[in-house]
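See structure below.
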Amino acid sequence: MKNSKFVIDKFAKLLEQGLLTSKDVGNELMSILKSKRDEVVFRMKLTSKDEFDVLSKRVENLEAIIQKLKKQKKKVKRAKRS
């Protein structure tokens, strides 16, 4: 409800100012939608594509290290107790 009121208020301001060309309305709607999208992304604490790529590379490297350590652990022989 709050978001729809925000959009309606924006339309009312456009009508008052007399800027009702289709191009202006389209640009205004796009800017409103982009700002709302950015707010949602910020609230969800999502990462950008670049950050995601860096984090996925780090995870792959850590998985490779874990696999190496598991292989080394298997190669170690235990001494028998007498």
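As a size descriptor, the averaged projected area of the C-alpha convex hull of the range 1-45 was calculated at 3.2 nm². How far is helix 49-75 tilted, in degrees, relative to the longest principal axis of the Cα atoms in the chain, given as a value from 0 to 90 rounded to the nearest 10? Helix 49-75 sits at roughly 10 degrees to that axis. Per-residue ellipticity at 222 nm from helix content only, as computed over the chain with -39500 (n - 2.57) for each DSSP H run of at least four residues, stands at -28000 deg cm²/dmol.
Full extension of the chain between Asp53 and Ser35 gives 4.0 nm of extra length, using 0.36 nm per residue less the Cα-Cα distance. Straight-line reach from Lys10: taking Cα to Cα under 18 Å and skipping same-chain neighbours fewer than 8 places apart, the lysines in range are Lys2, Lys23, Lys34, Lys36.
Just so you know, all these numbers are worked out from the coordinates, no wet-lab data involved. These numbers were taken from a predicted model, which means no experiment stands behind them.
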